[in-house]
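The numbers here are math on the coordinates, done by the rules we state, and not lab data. Keep in mind that what you see is a predicted model, and the values were worked out from it rather than measured. Glycine also receives a Cβ, built like all others from the backbone with ideal geometry; neighbour counts cover every protein chain displayed.
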């Protein structure tokens, strides 16, 4: 039978209360100590989180200011926005220009004859679109004298691919052909226009310019006649048939800049003036005056970037000071007062702020030279007059105090970039081998002024930079050497595998040596041109491998550098420094002066601090581990006190039972004594 006990019944004592009081008294000192520790650690964890957040916020600003482009901006003003506007980049130089817009660029438009309905069947077969320069004169019987129609020539644009579409019973209507052309995304926009009496299909080249006109050839599967005005051939526009009407010809924009004639295939002229993009809006009359364009560098961008740096740095220091300052009046210190991690961060920051920038040779060597000084609380102060004067005298030198910059003192090389490992300094550049492009040079084949391409010799296959083109098929016809070079280039570059990888070639024909040369546009040892199959004579082209390109070779800072195409990457002290060698000569290419400005150095420093194995993350992990340790101590305390409670309760219950037994015995004895006869007391 189970024992039933009720503590305190035997002794009358509040055993539960006694045990609870003892356990609470035992728990209180340790719990208070752990609570204090946990609150302290939690406060430290929150403080480190605030510090980490402040570093991340500051780094966001530094990431932008680490590049010189953040300090460069120019503006452009014209006196006639109806004629042209201009956009400028940081490469633009201060200058003024006089511009006259004589003609806007336009895209060629071809139009069909009229149809009664958009669902009318046009025909079936293959439509092929080529892009190039069309020499075509539209006939005008009403002119005096009469102008006869004349399709004189079409010169293929080697930069554009040839596109073909299959037209069958699913898309052979006026509407179906329009949709097929548009969905194919081939550089032609098709639309249907109702002119008041009939529906007309139009083809418009999606690019303006004389070299982007359309040649449309047809393989008519209906009547097998590719040039008549029946079936699909009514869409032909080429030297054999002009069944489409040219309503607008492809034109280049024509303008003069400071009296110099300039042409552009588009109305967005990007290359005429370095760093300036002209947006042509309207052609001027011959009697109109030229438009003035003034390009000026904006010093305010430099000033704003510097002031932004100072503002964000001071915001960071506000966080640091709030975490580490001591309030003497309230005798209260910041959570991280005296903390070694915080002290280490601020020490490194102040060293970078005050140090001279290595690698600079200009008038400004540190930010104090442009009026930025450190105050007692660690924050920065700007002398605005000195800063503005410094920017006015040399804005680039001010930018170099903050950004990573590479300055070259010779031509034929361009500075590409650097990595966090790159060391500031001056590095001599010496080139022992220039990069070359892979090429295939054909053989002389008895060129007589024309080349006939037909079904016996129109198929070839190549591998460009190691990527197979598959079989390409040339358009049948009679070509000059230059025309066939264009056809080859268009067909090779139009191969989908090459387009997918961004690989292309240039093809040329030398009339003197009478041979074709196919050259990869890539530089370096990965640049290759191989021919895997040739049908027929091959025009001097035969199966075989061309000459493989080579990488640039040389030294940066007297240390052997690594070449990849025309890119040369430094090693050792110059590790990560990259230059592009565009020159063709061997030998010395001057020197590269590389400097790391304050923003760039602080950015790299914060990267290290915020890294998973950095000091700040290690400290945060350590505090987190201590908080977890406190939880474990609480569990251990609970276990120890539970065991103590069980032991004490067992002892008190045993005592209670014993006291109860003794009381029962006492009561029994008392009852026995009370039941004994009383002894008479003798009286005197």
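Put a dot 7 Å past each Cα toward the Cβ at residue 159 and residue 543; how far apart are the dots in nm?
Simple spin-label model gives 3.6 nm for this pair.
Between residue 43 and residue 330, what length comes free when the chain is fully extended (0.36 nm per residue of separation minus the Cα-Cα distance, one decimal in nm)? Don't jump to the answer; show the numbers that get you there.
Numbers: separation 287, 0.36 × 287 = 103.32 nm, distance 1.87 nm.
Separation in residues times 0.36 nm, less the Cα-Cα distance, equals 101.5 nm.
Quick check on the chain: helices-only [θ] at 222 nm, where DSSP H runs of length 4 and up contribute -39,500 (n - 2.57) each and the sum goes over total residues. Nearest 500, please.
Values: 10 runs with 212 residues, N = 684.
After summing the helix terms and dividing by the residues of the chain, the value is -11000 deg cm²/dmol.
Name the shape class, rounded, prolate or oblate, that the alpha-carbon gyration tensor gives for region 252-298, where a ≥ b ≥ c are the square roots of its eigenvalues, rounded holds for a/c under 1.5, and otherwise prolate holds if a/b is larger than b/c and oblate otherwise.
Values: a/c = 1.81, a/b = 1.26, b/c = 1.44.
Taking the square roots of the gyration eigenvalues as a ≥ b ≥ c, region 252-298 is oblate.
If I take every Cα pair under 8 Å that is 6 or more residues apart in the chain, average their sequence separation and divide by the length, what percent do I get for the relative contact order?
Answer for the chain is 17 percent.
What's the exposure ranking of 220, 500, going from fewest to most Cβ atoms within 10 Å? Let's see the in-between values first.
On the way: 220 23, 500 9.
Ranking 220, 500 by Cβ neighbours within 10 Å, fewest first, gives 500, 220.
Please report 23, 167, 579, 186 as a ranked list, fewest other C-beta atoms within 10 angstrom at the top and most at the bottom. Walk me through the intermediate numbers first.
Working: 23 16, 167 25, 579 28, 186 20.
Listing 23, 167, 579, 186 from fewest to most nearby Cβ atoms yields 23, 186, 167, 579.
Could you tell me which of rounded, prolate or oblate describes region 139-253, using a ≥ b ≥ c as the square roots of the eigenvalues of the alpha-carbon gyration tensor, with rounded for a/c under 1.5 and, failing that, prolate when a/b is larger than b/c and oblate otherwise? All intermediate terms of the calculation are to be shown ahead of the outcome.
Working: a/c = 1.44, a/b = 1.20, b/c = 1.20.
Rounded shape, in that the Cα axes give a/c under 1.5.
Where the centre of each part is set by its Cα atoms, how far does region 202-235 sit from region 523-589, in angstrom?
The distance from the Cα centre of region 202-235 to that of region 523-589 comes to 42 Å.
Roughly how far apart, in whole Å, are the Cα centres of region 261-310 and region 644-668?
Between the Cα centre of region 261-310 and that of region 644-668, the gap is 103 Å.
For a footprinting-style exposure proxy, rank 508, 418 by other Cβ within 10 Å, fewest first. Walk me through the intermediate numbers first.
Working: 508 17, 418 23.
Fewest to most other Cβ atoms nearby, the residues stand as 508, 418.
With equal scatterers on the alpha carbons only and no solvent term, can you work out the Debye log10 of I(q)/I(0) for region 439-544 at 0.22, 0.23 1/Å?
Reported log10 I(q)/I(0), two decimals: -1.21, -1.32.
Quick check: Cα centre of region 55-83 to Cα centre of region 110-129, how many Å?
Here the answer is 51 Å between Cα centres.
Once you sort the root eigenvalues of the Cα gyration tensor of region 190-305 as a ≥ b ≥ c, which label holds: rounded (a/c under 1.5), prolate (a/b larger than b/c) or oblate (the other case)?
Working: a/c = 3.04, a/b = 2.76, b/c = 1.10.
Note, shape of region 190-305 comes out prolate.
From the list [x] 183, 74, 58; [y] 77, 62, 54; [z] 88, 55, 50, can you say which value of Cα extents along the principal axes in Å was derived from the structure given?
Answer by label: [x].
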